[in-house]
Amino acid sequence: MKKKVLAAVLAASMCMGIAAPAMADVKIAFSQIGQESDWRTANTDSINGAIEEHEGWELIYDDAQQKQENQIKALRNFITQGVDYILFTGVVSTGWEEVLAEVNEAEIPLILVDRLPDCIDKIDYVAAFGGDFVEEGRRQVAWAGEYLKQQGRDSEDIKVAIMEGTTGASAQTGRTEGNLAALEDYPFMEVVAQQTGNFTRAEGQAVMESWLKSEDKIDVLIAQNDDMALGAIDAIKAAGLVPGEDIIIVGCDSVKAAFEAIVAGEMNCTVECTPLYGPFVVETIEALENGEEMDKEVVHPEEGVYDMEGGIDLGSTTSIKAADVIDERIY
Ligand code: GYE
């Protein structure tokens, strides 16, 4: 129900001495990918919490369990229900043209968060917010390269394993692009293994286990999220090696468990990708409700890099010692 109508109903019911009806005037639907990682849990909590706490807003939430077909069904369902806004992140980046065109035809404002669809230039959306995945991937490798130089190891032949996220997700394609581009700056680093671990702890552990059997030597693990890095740490320990020393481990996301692993000396670095989109969603919908237009530019939040000692210069940022800020972290 629109605000003016609701105000009239409220006024009428107050005149008649009837208790004001508790009804939601803005229905916000969110098609979430699944619950594969600590990042995703924090992301769901941030967005859902912000909507649920907002007066007059109602949340319609769908968890697609990592399946594109479930997301497509959810989006069509949102259209049928006549929701006021749709929040969308795509498990993979391709295959959304048709269903997002249907959202456009239904004239439901579409807000893109996190993993953006590759048809972004062909659809109408009101605002977009997500991580700069290419830059995150670049920072991961640059951190390892600069750290190795600092340790005087740039004369060695360094073997690198890249554990990738869900194949076809923009967070995987972007971070891989950044990883590989940055490796050009560090010719002493060579990729010897590259495989998906699907952004989960269990698969991260399984992939690392098999690499430790098939590879003679791995000096650096670049894991495209912290959950996979944490799973890999378990596999490394089980193989009798010391994570953080025998194998340098760089993760991505900067979740609390990664900070704890860094402080414990078992992980070396995590590149931040914030999941805290709740405030962005609130600001955007409030502005649209007030008739304001949003900038179509994709908003990338400012993010840091956290490690054991701090002070590693990565060009666009300098790493911060994880132990100094662990208590301030909210996810
Ligand atoms: O890095 C990973 C999650 O899309 C940025 O998805 C997100 C990624 C995040 O599963 O942990």
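Any read-out appearing in this document is the output of simple, stated calculations on the displayed coordinates, not a laboratory observation. Because the structure is a prediction, the values reported are computed rather than measured. Because the Cβ atoms are built from the backbone with ideal geometry, glycine has one as well, and the counts that use them run over all protein chains shown.
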Q.
Cut-off is 10 Å between beta-carbons; in what order do 242, 141, 26 appear when sorted fewest neighbours first?
A. 242, 26, 141
Q: Could you please rank 316, 93, placing first whichever residue has the fewest other Cβ atoms within 10 Å of its Cβ?
A: 316, 93
Q) How would you rank 189, 208, going from fewest to most other Cβ atoms within 10 Å of each one's own Cβ? A) 189, 208
Q) GluC sites (Glu not before Pro) within region 172-235: which are DSSP loop residues with at most 11 other Cβ atoms inside 10 Å? A) 184
Q: Under 16 Å Cα to Cα from residue 149, which aspartates and glutamates show up? Leave out anything in the same chain fewer than 8 places away.
A: 157, 184, 185, 190, 219, 245, 307, 309, 313
Q | DSSP beta bridge pairing in the chain, given as percent antiparallel to the nearest 5 | A | 10 percent
Q: Write out the trypsin sites (Lys or Arg not before Pro) in region 178-244 meeting two conditions: DSSP loop, and at most 16 other Cβ atoms within 10 Å of their Cβ.
A: 217
**Q.** Across 159/213; 27/296; 122/296; 217/237; 27/73; 67/122, pairs whose alpha-carbon gap is larger than 20 Å
**A.** 27/296; 67/122
**Q.** Tail beyond 21 Å, pair distance distribution of region 57-144 (Cα, percent)
**A.** 32 percent
Q) residue 81 versus residue 283, label points 7 Å from Cα toward the beta carbon: distance in nm? A) 2.7 nm
